[in-house]
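Student: Quick one: this structure, given as structure tokens, is what I'll be asking you about.
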Amino acid sequence: MGRLLIKNAKALVGTHPAGVERVAGAAMGHLPAVEDAWLLAEEGRITSFGTMAEWPGVSDWNGLEVIDATDRYVLPGWCDPHTHTVFAAPREEEFVMKIRGASYQDIAAAGGGILNSARKLRAMDEDDLFQQAEARLREMMRQGTVAVEIKSGYGLSFESELKMLRVARRLGEALPLQVRTTLLAAHALPEEYKHDREGYLRLITDELLPAVADEKLADFIDVFCETNYFTVAEMERVLEAGARFGLSGKVHVNQFTSLGAIQAAVKHGALSVDHLEVMEEADLFALDGAATIPTLLPSCSFFLRIPYAPARAIIDRGCAVALATDHNPGSTPSGNMNLVVSLACIQLRMLPAEAINASTLNAAAAMGLAHELGSITVGKRASLIITRPVPSLAYLPYSFGSDHIDTVIIDGKPERSGEALA
Ligand code: NIG
Ligand code: FE
């Protein structure tokens, strides 16, 4: 791996000091930056940066790649800590049913939804799944994503859950972006266990988890805790089993109903609680002082026409909010973090600085990667976005739907090259 110099940047954005691994509450509104700046990356890591006025120059130009970032911002690449991006087929027929008036729950009751995806995924072999997901991840990288969490949950059987996680691990090895994986076998009760919840839970805790741990296939454990899916008590049981194998929780909670799942997840030390569209006072209260990261998914609300998470109330009580796409065929067929940042500002009323912190440092924290990614800090991976010339940072979410990215750099290497690359 070589060396890369970025010079004349309008600003390096998100220059959080080493050791700051998340920002919470009022601090989320502060996005540290260095204006008129340079940055040097060596062997894939950020090794130094500063202002052009104090640029020490270059003693050895040999093999140095140079990017002139005049008028352009340099940001940490997006981290996406909640996706289901390994799946067998899109579900646009359900999209049309929704336009005609069906709800997510109506579709699931008619045999669609997660079970529909599971039928198709079970029939598909590992290589086909890999190729499809690879194409999706390449598109996400072009859109600035440098790290992604990928869940299982469309296998819903011993073999197919392992198949999904193996595909996710292979993606991490084959592609330059960082991949973290999550076992979400408790995503829906599969057809064969319709009358045997206990049997399926035992399959997860007694068979799948040991096999997943044996092959080191997962970093986290997830449960879809929701009416008609899994109860709070069942989620607790799966979280406890996961903990015995060293997996901390990242759980789907409060998407359609408030069941007390946040309180339980916090009690079990979950790393993140995700969705949070339906929040009662007690749910907000449960987040106070908790280390668990509320992870909001505004493009899911947009697509399903469900309420948006109360981001303001959550930030204003001092939490460290993260943002993610939730990329999946049923509720969010988009892996575009730029859209998430725009929706966070437009619909969640997050300030641009808050939305950027939530999609970089806090998003990295929500997948256990804040020591490596999420800010422009010496020692971290040089995984960066260089924008096109834009008038201000607020212009990025403001001018939604346009592509403002010129170059994406992952581990010091341009993955998408634009005009800035000389
Ligand atoms: O996060 N809510 C549960 N899981 C996904 C949707 C899965 C699907 O519909 O395929 C979500 O929205
Ligand atoms: Fe999800």
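Student: For L351, only one of the following conditions fails: (1) over 21 Å from A265 (Cα atoms); (2) touching a Gly at 6+ places or on another chain (Cβ under 7 Å); (3) crowded, with 19+ Cβ neighbours inside 10 Å. What is its number?
Tutor: Of (1) over 21 Å from A265 (Cα atoms); (2) touching a Gly at 6+ places or on another chain (Cβ under 7 Å); (3) crowded, with 19+ Cβ neighbours inside 10 Å, only one is false for L351: (3).
Student: Could you please find all residues in the range 91-102 being away from ligand 2 (no atom under 16 Å from the Cβ) and out of contact with any Phe, Trp or Tyr (no Cβ under 9 Å at 6 or more places or on another chain)?
Tutor: Step one: of the range 91-102, the residues away from ligand 2 (no atom under 16 Å from the Cβ) are 92-93, 95-102.
Result: E92, E93, V96, M97, I99, R100, G101, A102.
Student: Go through the range 150-172 and give me each residue that's closer than 18 Å to N116 by Cα, surrounded by fewer than 20 Cβ atoms within 10 Å (Cβ to Cβ) and not small (G, A, S).
Tutor: If the condition is that a residue be closer than 18 Å to N116 by Cα, surrounded by fewer than 20 Cβ atoms within 10 Å (Cβ to Cβ) and not small (G, A, S), then F158, E159 are the ones that fit.
Student: Given the options F87, F49, F95, name the one that is at negative phi, among the aromatic types (F, W, Y), surrounded by 20 or more Cβ atoms within 10 Å (Cβ to Cβ) and not in a loop (DSSP other than H, G, I, E, B). Give the derivation first.
Tutor: Details: F87 fails: not in a loop (DSSP other than H, G, I, E, B); F95 fails: surrounded by 20 or more Cβ atoms within 10 Å (Cβ to Cβ).
None of the other options fit; the residue is F49.
Student: Could you identify the single residue in L64, L39 that is more than 28 Å from the chain's Cα centre (by Cα) and farther than 30 Å from L129 by Cβ? Before the answer, list the steps.
Tutor: Values: L39 fails: more than 28 Å from the chain's Cα centre (by Cα).
Only one candidate qualifies: L64.
So that you can scan it fast, the table gives a plain yes or no per residue for (1) away from ligand 2 (no atom under 15 Å from the Cβ); (2) under 25 Å from E236 (Cα atoms); (3) of a type in the set (S, T, Y); (4) out of contact with any Phe, Trp or Tyr (no Cβ under 6 Å at 6 or more places or on another chain):
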residue: F285; (1), (2), (3), (4): yes, yes, no, yes
residue: T295; (1), (2), (3), (4): no, yes, yes, yes
residue: R305; (1), (2), (3), (4): yes, no, no, yes
residue: C319; (1), (2), (3), (4): yes, yes, no, yes
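Student: Let me ask another. So which of P190, P176 ends up being closer than 29 Å to Q105 by Cβ and either surrounded by 21 or more Cβ atoms within 10 Å (Cβ to Cβ) or in contact (Cβ under 8 Å) with a residue 60 or more places away in the chain (or both)?
Tutor: Values: P176 fails: closer than 29 Å to Q105 by Cβ.
Within the list P190, P176, the selection yields P190.
Student: Does R312 count as touching a Lys or Arg at 6+ places or on another chain (Cβ under 6 Å), assigned by TED's automatic domain parsing to the domain that holds V146 and either in contact (Cβ under 8 Å) with a residue 40 or more places away in the chain or away from ligand 1 (no atom under 16 Å from the Cβ) (or both)?
Tutor: Values: touching a Lys or Arg at 6+ places or on another chain (Cβ under 6 Å): yes; assigned by TED's automatic domain parsing to the domain that holds V146: yes; either in contact (Cβ under 8 Å) with a residue 40 or more places away in the chain or away from ligand 1 (no atom under 16 Å from the Cβ) (or both): yes.
Spelling it out, R312 is indeed touching a Lys or Arg at 6+ places or on another chain (Cβ under 6 Å), assigned by TED's automatic domain parsing to the domain that holds V146 and either in contact (Cβ under 8 Å) with a residue 40 or more places away in the chain or away from ligand 1 (no atom under 16 Å from the Cβ) (or both).
Student: Count, please, the residues in the range 249-283 that happen to be away from ligand 2 (no atom under 15 Å from the Cβ), over 12 Å from T227 (Cβ atoms) and touching an Asp or Glu at 6+ places or on another chain (Cβ under 6 Å).
Tutor: Qualifying residue count for the region: 2.
Student: Here are some residues: E35, E21, E54. Which one is under 21 Å from I410 (Cα atoms) and among the charged types (D, E, K, R)?
Tutor: Numbers: E35 fails: under 21 Å from I410 (Cα atoms); E54 fails: under 21 Å from I410 (Cα atoms).
On inspection, the qualifying residue turns out to be E21.
Student: Next question. Could you pull out the residue among N338, N357 that is away from ligand 1 (no atom under 16 Å from the Cβ), in a helix (DSSP H, G or I), open to solvent by 10 Å² or more (accessible area, probe 1.4 Å) and touching a residue at least 12 places away in the same chain (Cβ under 8 Å)?
Tutor: On the way: N357 fails: open to solvent by 10 Å² or more (accessible area, probe 1.4 Å).
When all the criteria are applied, what remains is N338.
Student: Identify, please: which residue in the range 387-416 is free of Cβ contacts under 8 Å to residues at least 40 places away in the same chain and open to solvent by 50 Å² or more (accessible area, probe 1.4 Å) and is, among those, nearest to S375 (Cα to Cα)? Spell out how you get there, then give the answer.
Tutor: Taking the range 387-416 as the starting set, the residues that turn out to be free of Cβ contacts under 8 Å to residues at least 40 places away in the same chain are 391-392, 395, 399, 402.
With the extra rule that they be open to solvent by 50 Å² or more (accessible area, probe 1.4 Å), the set shrinks to 391, 395, 402.
On the way: P391: 22, Y395: 20, S402: 24 Å.
The extreme case among them is Y395.
Student: Does I346 satisfy being open to solvent by less than 10 Å² (accessible area, probe 1.4 Å) and either acidic (D, E) or more than 16 Å from ligand 2 (Cβ to nearest atom) (or both)? Explain how you work it out, then say what you get.
Tutor: Details: open to solvent by less than 10 Å² (accessible area, probe 1.4 Å): no; either acidic (D, E) or more than 16 Å from ligand 2 (Cβ to nearest atom) (or both): yes.
No, not satisfied.
The values are calculated or read from the model by the stated rules, or taken from the named source; none is laboratory data. Here the structure is a predicted model, which means the values were calculated and not measured. So basically every Cβ, Gly included, is an ideal-geometry build from the backbone, and we count neighbours across all protein chains shown. For accessibility, only protein heavy atoms count, side chains too; no ligands or nucleic acids. Shrake-Rupley method; radii C 1.70, N 1.55, O 1.52, S 1.80 Å.
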